[in-house]
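Bear in mind that the values in this text are calculations on the coordinates, not laboratory data. Fair warning: this is a prediction, and the values are worked out from it, not measured in the lab. All Cβ positions, even for glycine, are placed from backbone atoms using ideal geometry, and neighbour counts span all protein chains on display.
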Amino acid sequence: MTEVPRESGDEPRESKASWSGHRPTNEGPTSRTLSLSPGATQQASDLTPGMYVVAVEGLVQGEVKTFGERAGVTVTAEGQTTVVVDFLQEFVPTQVSTSPTSVDIGDTLTATWAPVSGADRYSVELSPSPDFVGAAVQETTETTTKLVVGTTGEHHIRVRAINRFDGVGRASEPSSVVAQKPIIWPTWETA
């Protein structure tokens, strides 16, 4: 089986030089993960005949930037099968938002984002630090999740797509929310 990754007509934000490689995977009677350089062709030999899914992850600095897969690939004992997998979709969540954008400590907020083609699940990170050091992380299969902020100040939220081969995508642009101490109004008893 030969896998030939190619990028879509859209120019990536990163230059070709920043692409660190491609990671093709085939899933079927014989499963295998390979590594190859951008623009290269990879031969996977000694595959057991049968139906396969061939996936290719386009990597930038070790993170999945693009993802493509082709299902229903038949490998026979008699010949070689050539598979071309197009990178049709960026593998980065977009349109990440929170509602509300200001909460009291302990209140629930909702984070939402647009679905990513090829995502099996999402990793949602919440941190008071804009560089996400010490972020709280939770996974979900939905494109929305509930979060609770436990400290005051600005908090940052970003999302990563994860494909079924456990390839983790690049982080979304962050969204933010401000948490404050709840205002407790005094109560008076009247006679």
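Tabulated data
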item	result
Segment 88-111, residues that are within 23 Å of N163 (Cα to Cα), assigned to a loop (DSSP other than H, G, I, E, B) and in contact (Cβ under 8 Å) with a residue 24 or more places away in the chain	L88, F91, V92, P93, T94, V96
Residues located in segment 165-184, provided they are part of a loop (DSSP other than H, G, I, E, B) and among the small types (G, A, S)	G167, A171, S172
Looking only at segment 119-176, and only at residues there that are among the basic types (K, R) and touching a Phe, Trp or Tyr at 6+ places or on another chain (Cβ under 8 Å), the one that is nearest to I105 (Cα to Cα)	R158
Tally of residues being more than 28 Å from T66 (Cβ to Cβ) and not hydrophobic (A, V, I, L, M, F, W, C) across segment 130-162	8
Strands (runs of 3 or more DSSP E) enclosed by segment 112-155 - at least 1 residues per element that are closer than 18 Å to F91 by Cβ and not acidic (D, E)	121-127, 136-140
